[in-house]
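Novice: There's a structure below that I have some questions on.
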Amino acid sequence: MSGRTIRIATRASQLALWQANHIASLLREQRDVEAVELVEVSTQGDRDRSEPLRQFGGLGVFTREVQNAVLENRADLAVHSLKDLPTKSEPGLALAGIPARGPVFDVLVGARSSTAISIDDLRQNARVGTGSPRRQAQLKHVRPDLDLREIRGNVETRLRKLDEGEYDAIVLAEAGLVRLGLADRDFVRLSPPAMFPAVAQGALGLECRESDTDVCELLESLSDRETRAAATAERALLSELRAGCHAPLGALTQIENESLHLSAVVLSLDGAERLHAECSGSIEDPISVGRHLAELLRAQGVDRLLNQ
């Protein structure tokens with residue numbers, strides 16, 4: 001592999017480019033890599049910024065075309081926000097690397113003119129922007145009066161719509177704000193029990209062709225052990241429940257002394273019903289932990305909620 005140029009397929013949004021450049025900088029530190037190039041790809045989710053994601057497929061709308069660039073040998077690896085990547089593997093591709101995770105939680109962001117607010121502080125019938133069924137259901141559970149409105153576009157576009165008065169507040173992933181240098185915004189971190197994050201939120205997924213053993217080994221060297229274990233457990237839960245990445249399901253992993261503790265919630269779309277379960281296991285077998293938690297939720301009748 002000595003002297004090889006590595007081509008990274010990525011979406012063209014500012015956040016996706018930050019993520020791709022972050023991985024590029026890590027790769028440039030490897031002595032066998034001569035150069036790194038970015039291959040920008042337009043995805044279905046990028047082209048249609050008006051319709052709710054669940055209306056035109058949901059699964060893979062931000063990843064499919066990026067994956068195709070690798071499969072068609074226009075790139076050597078793909079960088080994804082791991083929460084967007086379907087749990088069913090794409091034939092011919094390997095999820096070879098999961099680097100150290102960024103911030104995990106969501107945040108509630110108010111307009112520039114406002115001070116930081118909590119969910120409880122929002123006015124009656126406040127307009128809150130989020131297109132995520134997971135976020136919507138959890139917000140409805142604690143504040144059924146809120147006027148939850150769809151919002152699409154990149155992070156900067158959503159913040160502009162907030163500041164222009166279309167919303168009283170919006171919900172974003174903290175990782176996106178931090179990575180784009182926007183953490184100076186007034187926000188309140190949303191954490192359990194009120195808000196569980198998405199599966200693998202804050203983590204990046206690095207895919208390459210299964211047959212490209214050199215790149216597979218390179219990406220494996222960039223992986224963070226605890227992040228990989230946590231993301232694997234959460235994705236195993238999602239896969240076992242056959243729930244998509246837009247399901248009203250949130251999960252949180254904590255690791256201590258080689259023990260992995262996974263907790264999750266699943267809600268009805270209207271937020272009226274909420275199931276919660278948690279379990280622990282070895283960091284060496286995260287898939288078993290995720291599958292066991294799925295069994296605990298299934299015993300509570302989770303399939304009925306997920307089949308809405």
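No value in this document is a laboratory result; all are computed from the given coordinates. Not measured: the values here are computed from a predicted model. Virtual Cβ from ideal backbone geometry, glycine too; neighbours counted across all protein chains shown.
Novice: To the nearest 20 debye, what charge dipole does the range 172-308 have about its Cα centre, counting +1 at the Cβ of each Lys and Arg and -1 at the Cβ of each Asp and Glu?
Specialist: With Lys and Arg at +1 and Asp and Glu at -1, about 560 debye.
Novice: At R0 = 25 Å, how high is the FRET efficiency between GLU156 and LYS88 if r is their beta carbon distance? Nearest 0.05 is fine. Don't jump to the answer; show the numbers that get you there.
Specialist: Numbers: r = 32 Å, r/R0 = 1.26.
Efficiency for this residue pair is about 0.20.
Novice: Arrange the peptides 209-216, 290-297 so that the one whose residues have, on average, the most other Cβ atoms within 10 Å appears first.
Specialist: Per-residue mean Cβ counts within 10 Å order the peptides as 290-297, 209-216.
Novice: Peptides 91-100, 194-203: what's the order by average Cβ count within 10 Å, highest mean first?
Specialist: Values: 91-100: 19.0, 194-203: 24.8.
Packing order, densest peptide first, comes out as 194-203, 91-100.
Novice: Another question, if that's okay. Only bridges whose two residues both fall in the chain count here: according to DSSP, what percent of them are antiparallel, nearest 5?
Specialist: Values: 35 of 50 bridges.
Close to 70 percent.
Novice: State the label only: which of (i) 33, 59, 8, 0; (ii) 29, 52, 18, 1; (iii) 28, 46, 23, 3 corresponds to P(r) over Cα pairs in 20 Å bins from 0, in percent computed from the shown model?
Specialist: (i)
Novice: Another question, then. Please list the three semi-axes, largest first and in whole Å, of the ellipsoid equivalent to the range 103-245, using sqrt of 5 times the eigenvalues of its alpha carbon gyration tensor. Don't skip to the end; give the middle numbers.
Specialist: Working: eigenvalues 209, 63, 33 Å².
They are 32, 18, 13 Å, listed largest first.
Novice: What is the dipole size for the chain, taken about its Cα centre, with +1 at each Lys and Arg Cβ and -1 at each Asp and Glu Cβ, in debye to the nearest 20? Numbers along the way, then the final one.
Specialist: On the way: 37 positive and 46 negative charges, 157 e Å.
Using only the charged Cβ atoms, the result is roughly 760 debye.
Novice: Tell me, what is the percent relative contact order of the chain, built from C-alpha pairs under 8 Å that lie six or more residues apart?
Specialist: Details: 653 pairs, mean separation 61.7, N = 308.
RCO, the chain: 20 percent.
Novice: Could you run the Karplus curve 6.51 cos²θ - 1.76 cosθ + 1.60 with θ = phi - 60° over the range 230-245 and give me ³J(HN,Hα) per residue in whole Hz, x for Gly and Pro?
Specialist: 4, 5, 5, 4, 5, 6, 5, 4, 4, 5, 5, 7, 6, 9, x, 5
Novice: Moving on to the next point. Tell me which of THR232, ASN307, SER211 sits at the most positive position along the dipole axis of the chain, charges placed on C-beta atoms (Lys, Arg +1; Asp, Glu -1).
Specialist: Among THR232, ASN307, SER211, the one farthest towards the positive end of the dipole of the chain is ASN307.
Novice: Applying a 10 Å radius around every beta-carbon, put 231-239, 219-227, 64-72 in order of their mean neighbour count, most first.
Specialist: The peptides rank, most packed first, as 231-239, 64-72, 219-227.
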